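What follows is one structure encoded as structure tokens, with my remarks underneath.
The values are calculated or read from the model by the stated rules, or taken from the named source; none is laboratory data. Given the structure is predicted, the values throughout are model-derived calculations rather than measurements. Reconstructed Cβ throughout: ideal geometry from the backbone, glycine too, with neighbour counts over all protein chains shown. Heads up: the accessible areas ignore ligands, DNA and RNA and are worked out on the full protein's heavy atoms, side chains in. Shrake-Rupley method; radii C 1.70, N 1.55, O 1.52, S 1.80 Å.
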Amino acid sequence: LAISGRGRGNGGKAGLYREMDEDNFVLQSVVENMSPVGLCGSALASVADITVEDTTNYLDISFFDDVSLETVLQADIDRNPLVNLIRVGNEWIQFRTAAPQTLDSGSPYRSKWRISNLWRGRFNTTTGHSSDEYAAIVTTSLMFYDLDTFDVGKTITLKAVTAGQDIE
């Protein structure tokens with residue numbers, strides 16, 4: 001789960017609630033920091049070989065918050081499988097190059113970045129995306145929420161509530 005600070009809340013923390021019965025939400029955990037989440041403004045084609053760096057395609061992402069990304073060396077990526085790792089739709093991607101972009105006048109976003117020199121399909125995920133997919137940068141605030149075996153086949157409702165918001 002990537003919980004962004006976008007919305008009406010007024011704090012840097014969020015509570016993650018799970019609906020146990022209709023309109024009965026129980027606190028599951030507290031998120032201390034928000035994840036950098038954005039919306040992709042361009043499509044990203046599939047690649048034939050994920051073992052080769054994709055130097056042809058790039059991705060423009062408009063973030064809901066001020067985000068600072070950095071360019072890294074290939075040696076950094078080789079050493080650390082989590083450096084510059086981003087989740088776009090259902091694909092994990094690592095990027096070497098990050099360049100700030102100019103936001104359009106009146107944009108509701110806070111920052112915009114172009115990522116390129118991509119390592120696609122990390123962790124055996126599929127490649128290829130349409131525009132308007134969400135993207136989340138991997139940080140310590142990105143959470144993995146485990147479902148129990150009795151959850152299989154059921155609809156699970158989770159709510160993230162930032163400080164100053166009501167669960168409703």
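Tabulated data for the structure shown
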{"quantity": "Per-q log10 I(q)/I(0), region 35-168, q = 0.22 Å⁻¹ (Debye; single scatterer per alpha-carbon; no solvent)", "calculated": "-1.37"}
{"quantity": "Contour minus Cα-Cα distance for residue 56 and residue 71 (0.36 nm per residue)", "calculated": "3.7 nm"}
{"quantity": "Gaussian network model of the chain, springs between alpha carbon atoms under 10 Å - residue of 77, 156, 61 with greatest fluctuation", "calculated": "156"}
{"quantity": "Size of charge dipole - region 15-146 - debye, nearest 20, with Cβ of Lys, Arg +1 and Asp, Glu -1, no other charges", "calculated": "480"}
{"quantity": "Estimated [θ] at 222 nm from DSSP helical runs (n ≥ 4, -39500 (n - 2.57)) normalised by residues in the chain, nearest 500", "calculated": "-1000 deg cm²/dmol"}
{"quantity": "Accessible-area composition of the chain, carbon plus sulfur, in percent [1.4 Å probe]", "calculated": "48"}
{"quantity": "Per residue value of the accessible surface for region 12-168 (all protein chains in place, 1.4 Å probe), Å²", "calculated": "58"}
{"quantity": "Relative contact order, percent, the chain [alpha-carbon distance under 8 Å, six or more residues apart]", "calculated": "34"}
{"quantity": "Phi to ³J(HN,Hα) by Karplus 6.51 cos²θ - 1.76 cosθ + 1.60 over region 59-65, Hz, x for Gly, Pro", "calculated": "9, 9, 10, 9, 9, 6, 10"}
{"quantity": "Debye, to nearest 20: dipole size of region 63-122, +1 on Lys, Arg Cβ, -1 on Asp, Glu Cβ", "calculated": "160"}
{"quantity": "Reach of residue 13 by Cα under 23 Å, taken over lysines that are not fewer than 8 positions away in the same chain", "calculated": "159"}
{"quantity": "Net +/- balance of residues flanking residue 102 in space, Cβ distance below 14 Å, scoring K and R +1, D and E -1", "calculated": "+1"}
{"quantity": "For residue 42, distant residues with modelled amide H under 5 Å away", "calculated": "60, 132"}
{"quantity": "Dimensions in Å of region 40-97 - Rg and Dmax from alpha carbons", "calculated": "12.0, 34"}
{"quantity": "20 °C / 1.002 mPa s Stokes-Einstein diffusion coefficient of region 16-63, Kirkwood radius on C-alpha pairs, µm²/s", "calculated": "143"}
